[in-house]
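Visitor: Got a structure for you, questions after.
The values are calculated or read from the model by the stated rules, or taken from the named source; none is laboratory data. Just so you know, these numbers come straight off a predicted model, no measurement behind them. Here the Cβ is made from the backbone with ideal geometry for all residues, glycine too, and neighbour counts use every protein chain on show.
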Amino acid sequence: MNEQGEIVALQDRNALIMVHRSDMCGKCGACEMGEQAGEMFLTIPNRLHGEVGDFVQLELASGQVLKASAIAYLFPLCALVLGVLAGIFLGHRYDLDVELTASILGLVFAGISFLVIRGMEPHFKRLQHFSPQMVRITRGSKMGNQPKVSEKGDEGSGK
């Protein structure tokens, strides 16, 4: 995934970047964090030493997007199925209403999985595996028409 954004503020060693969502993700609405429907704000490490007003290219590896999707969608789905199976087993074993027990345990397990994911969020943020990274800085041009200033890997050579 590649996106273009503008550095709007600097905070310690991080940059606050305003990203205009592309058509690819614009209809999703999952990251509806900006004041306007088409923008969102990300805080990421400022490894390329960008300044306020710089336009940056952001990149998130496809494998990381896939892993994040698996955590967000497959983990709760597996928990739901596991809860339903546990409910069926317990319903038969203790002579309870099998459908009701399976439904309740499925929802409980899915709810617990969402709480686990939410509890792990600070850990995921610290690791920064699922955060986009700056790969290029261009000055004064949202479309990248200006000369390249700095790229990932040559952090001190562009300035």
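Visitor: With the checklist (1) within 28 Å of residue 110 (Cβ to Cβ); (2) at pLDDT 95 or above in hand, flag the one item residue 64 doesn't pass.
Guide: It is condition (2) that residue 64 fails.
Visitor: Check 93, 126 and return the single one that is within 21 Å of residue 9 (Cα to Cα) and out of contact with any strand residue (DSSP E or B) (no Cβ under 7 Å at 6 or more places or on another chain).
Guide: After ruling out the rest, the residue left standing is 126.
Visitor: Something else: Could you pull out the residue among 104, 71 that is under 19 Å from residue 1 (Cβ atoms) and part of a helix (DSSP H, G or I)? Spell out how you get there, then give the answer.
Guide: On the way: 104 fails: under 19 Å from residue 1 (Cβ atoms).
Result: 71 is the single residue among 104, 71 that is under 19 Å from residue 1 (Cβ atoms) and part of a helix (DSSP H, G or I).
Visitor: If I filter segment 107-159 down to residues being at pLDDT below 85 and of a type in the set (Asp, Glu), which single residue comes out as nearest to residue 41 (Cα to Cα)?
Guide: If we take residues in segment 107-159 being at pLDDT below 85 and of a type in the set (Asp, Glu), then 151 is nearest to residue 41 (Cα to Cα).
Visitor: Further question on the same structure: Give me the pairs, please: first residue somewhere in segment 39-58 and basic (Lys, Arg), second residue anywhere and part of a loop (DSSP other than H, G, I, E, B) and surrounded by fewer than 19 Cβ atoms within 10 Å (Cβ to Cβ), beta-carbon distance under 9 Å, and either six or more positions apart or on two chains.
Guide: Filtered contacts from segment 39-58: 47/13; 47/152; 47/155.
Visitor: Oh, and also: Tell me, please, whether a residue that is within 30 Å of residue 134 (Cα to Cα) and part of a loop (DSSP other than H, G, I, E, B) can be found in segment 81-101.
Guide: Scanning segment 81-101 turns up no residue that is within 30 Å of residue 134 (Cα to Cα) and part of a loop (DSSP other than H, G, I, E, B).
Visitor: Could you check segment 40-68 and list, in sequence order, the residues that are of a type in the set (S, T, N, Q) and assigned to a helix (DSSP H, G or I)? Walk me through how you get there before you give the answer.
Guide: Start the filter on segment 40-68 by keeping residues that are of a type in the set (S, T, N, Q), which leaves 43, 46, 57, 62, 64.
Correct list: 62, 64.
Visitor: Exactly one of these conditions fails for residue 11: (1) within 20 Å of residue 125 (Cα to Cα); (2) at pLDDT 95 or above; (3) not acidic (Asp, Glu). Give me its number.
Guide: Going through the list (1) within 20 Å of residue 125 (Cα to Cα); (2) at pLDDT 95 or above; (3) not acidic (Asp, Glu), residue 11 breaks only (2).
Visitor: Out of everything in segment 52-79 that is exposed (fewer than 13 other Cβ atoms within 10 Å of the Cβ) and not hydrophobic (A, V, I, L, M, F, W, C), what residue ends up being farthest from residue 113 (Cα to Cα)?
Guide: The selected residue is 53.
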